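Asks: Below is a structure I'd like to ask you about.
FYI, it's all coordinate maths here, none of it is from the lab. The shown structure was predicted, so the numbers you read here are calculated from the model rather than taken from an experiment. Glycine also receives a Cβ, built like all others from the backbone with ideal geometry; neighbour counts cover every protein chain displayed.
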Amino acid sequence: MKAAPPFCLFQGLLLVSTVMLGIMMGVLLTGQTQIRVYSRERRATSAPELTYNSAQPMNQQSELTYKPTESIEKTPPKPPDLKYNPGCVPRTKLAFIKTHKTGGTTFMQILHRIAYLKDLSIIMGKSTNHGSINEFYHHGIKKEKLIPPKEKYYDILAYHTKYNREVTDKALGPNAMYITLLREPLGQLRSQFNFYWMAKSFKITGENPLSQFLKDPAKYDHRSPGYMATRNPMSSDLGFGKKDLIALTDQAMKSKEEVYFPKPPPMIESFIKNISSQMDLAMIMEYFDESLVLLKRMMCWDLQDILYFKSLSFNYKAKEEEISEDLVKMHRRWDVVDYFLYDHFNRSFWNRVSKEEGNFWDEVKHFKEQNRRMQTYCLGENIEKTDEQSSLVVEETAWNSRFLITPEFCTVVKYGQFCFMTLLRDRAFQRIKNKGKPAKPIDPLKTKMKSLYEKPLCEICDIVSRDCTFNEYLTHLYHDKIISRAKTSFHPSGMGGRGKIADHV
C-alpha cells in the first residue's frame, strides 16, 4: 500500500479538525441555550401564580383601574412577563342582597365607590329623602319610582331589599353575579340590640339587658320576623316566609329535647339549598377581608377596588356582655333558621377557600397590609412621611398591578353614604337633562355664579349641600370635570373627605 501524499494527509487532518471544532461549538452553544431556557423557566415560576376560571385573552386592561390625576406620573407600559396577569375580564353586574347588621354598609360603600368612579348605573329611587336608602326593603323595587339606567339594564344593586330573584333579574339583566353577607347569629343580635335600642324598646333595665332578653325572648319580642325583629332576621331578608319562620321558631322553642332539629327540617333544608344554588358568593362578616379577596378573584377586580374604611361600626356594651352557655342554647332555638343558614354557608365558605389556588393566604395578608397603608395615608397619619400632596404607591405584586392612591381617592373613599347616594343621583339627573350625555364643563367666573351650589353645576343642589361636605362636593366637581381646577380659587384639602374616621372593632 502506498503512503498517502502529504497534501492528502493535510486535507484529512483539516477535515477532522473542522468536524471536532463544530462538535465542540455545538456543545457550547447547546449548553448556553439550555442555561438560558432554564434561567427563563426559573424566573417564570419564582412568583405565585393566580388561577382564574376564564377563557378570555390575556393582557386585558382592567375596566376598573382608577385613573390618577393629571399631575401624577403615569405608570410605565407593562413588560410582557408580568407576574400579575389574571387573564380575565372584570365584571360590573352585581346584586348585593344586603342583610341587616352584618357589615353590609361597609360593603355598600365599596359598591358606591365602584359605581361612582366607573360611572355605572346603580338601582336607585328618585326620592331624595334619607329614608329612601331603605325604600326597596319596605316597598320593593318598582320601576316607576327608579331613576332610569344609562343603558337597558342597571349594573349594581347595593341597598336593602327582600330577596326576589325575578324582580332583580329584570332590573340587572342576564349574567349578574349575586352575593350576600352573613354574620354569626349571636354577634348579629348583639349589633341589632344596640343599633335599634332594643333594651329601651323592650323596657329591659339592669346591668345585662341582653342576657335578660335571652332568658325569655318570646316574652319581649312579638314582632314578625324582619330587620327590627330578633327571630331569624337574615333568613327573612333572604326571602324565607314570615309565617313559616314563626312556626319553625315555635317548634324549636317548645321542643323538650336537649338536641332539637339534629339536622335541618325539610323546609329549612329546601330554603338553604335554594339560596345556595342562587348565590355566587356568601361572604362571612367575621372573615370580611378573606371574603373580599374571594370576591376580587370571582369578579376579576383590582386590589384598589376592594380597599375600604369601616362604616357604622361602633363600640357598645352588648358587644362585650358575656352570655352563658344556656342562654346561647336558648338563642339557637329562637334564631333556629339563621343558625342553620350561617352554619351551612360558613362551612361552604371554608370549603371554597380550601380550593383556592395562587397562594390565597399570602394575597389576604398582602391585601390587609395595603388596606392598612391606605387608611394610614388617607387619615393623614403618614408614617411613610411622604408629602401630603404626593401619592401613595402600591407596587406591582403577584396579585395586583402597580397603582397610586391619590389625595382625590382618599376623599372619595371617605365619602359619607348619603353623600355617595346624592352625588350618584345628581349625576343621573344631569344625564337625563342632557339627554344621555354627561354634564358639560362650566366656567363659574364667566357665568357670574354666586355659589357653587347652583345650576348647572348641580341639579339637586340643596340636597348636595345637605349631604356632602364642601370638600366632598368640590372633589366631585373636579372628578366629573364639571369645573376646572384652573377656573376657581377653591382646592380640596389634601386628604379631604370627612377627616378622621374612627376604626372601631
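Asks: Could you check the spin-label model distance between His138 and Asp289? Points 7 Å from the Cα along Cα→Cβ, value in nm.
Replies: Going by the 7 Å Cα→Cβ label model, 3.8 nm.
Asks: Let me ask something else. Multiply the residue separation of Lys355 and Ala247 by 0.36 nm, subtract the distance between their alpha-carbon atoms, and state the gained length in nm to one decimal.
Replies: Working: separation 108, 0.36 × 108 = 38.88 nm, distance 3.78 nm.
Stretched fully, the Lys355-Ala247 segment lengthens by 35.1 nm.
Asks: So, one more: Using alpha carbon coordinates only, what is the Rg to Rh ratio of the stretch 94-356, with Rh defined as the Kirkwood radius?
Replies: Numbers: Rg = 18.8 Å, Rh = 19.5 Å.
Using only Cα positions, Rg/Rh for the stretch 94-356 is 0.97.
Asks: Please compute the Kirkwood hydrodynamic radius of the stretch 220-328 from all pairs of different C-alpha atoms, in Å with one decimal. Working shown, then result.
Replies: Numbers: mean 1/r = 0.0576 Å⁻¹.
Computed over the stretch 220-328, the radius equals 17.4 Å.
Asks: At 0.36 nm per residue, minus the direct Cα-Cα distance, what do Lys450 and Asp462 gain on full extension? Give it in nm, one decimal, please.
Replies: On the way: separation 12, 0.36 × 12 = 4.32 nm, distance 1.45 nm.
Here the segment from Lys450 to Asp462 would lengthen by 2.9 nm.
Asks: To continue, here is another question. Along its principal axes, what span do the Cα atoms of the stretch 412-487 show, with the longest given first and each in whole Å?
Replies: 33, 27, 20 Å, listed from the longest principal axis down.
Asks: Rounded to whole Å, give me the distance from the Cα center of the stretch 297-368 to that of the stretch 235-285.
Replies: So the two Cα centres are separated by 19 Å.
Asks: Mind giving me the FRET efficiency for Gln278 and Glu151? R0 is 22 Å, r the Cβ-Cβ distance, nearest 0.05 is fine. Walk me through the numbers on the way to the answer.
Replies: Values: r = 24 Å, r/R0 = 1.10.
The computed FRET efficiency comes out at 0.35.
Asks: Quick one: Glu151, Glu459, Glu363, fewest Cβ neighbours within 10 Å first, how do they rank? List each step's numbers first, then the result.
Replies: Details: Glu151 11, Glu459 18, Glu363 23.
Starting with the residue having the fewest Cβ neighbours, the order is Glu151, Glu459, Glu363.
Asks: Right, something else. For the stretch 389-424 and the stretch 100-149, what is the centre-to-centre distance using only Cα atoms, to the nearest Å?
Replies: 21
Asks: Also, I was wondering about something else. Once you've got the Cα coordinates, tell me which of Lys118/Lys368; Lys435/Lys481; Lys162/Lys433; Lys162/Lys414; Lys152/Lys355 are over 30 Å apart. Mind dumping the intermediate values first?
Replies: Values: Lys118/Lys368 24 Å; Lys435/Lys481 18 Å; Lys162/Lys433 32 Å; Lys162/Lys414 28 Å; Lys152/Lys355 37 Å.
Beyond 30 Å: Lys162/Lys433; Lys152/Lys355.
Asks: Mind sorting Tyr415, Tyr227 by how few other Cβ atoms lie within 10 Å of their own Cβ, fewest first? Kindly include the intermediate steps, with their values, before the conclusion.
Replies: Values: Tyr415 25, Tyr227 19.
Fewest-to-most Cβ neighbours within 10 Å comes out as Tyr227, Tyr415.
Asks: Would you list Glu321, Glu290 from fewest to most Cβ contacts within 10 Å? Walk me through the intermediate numbers first.
Replies: Working: Glu321 14, Glu290 21.
Going from sparsest to densest Cβ surroundings: Glu321, Glu290.
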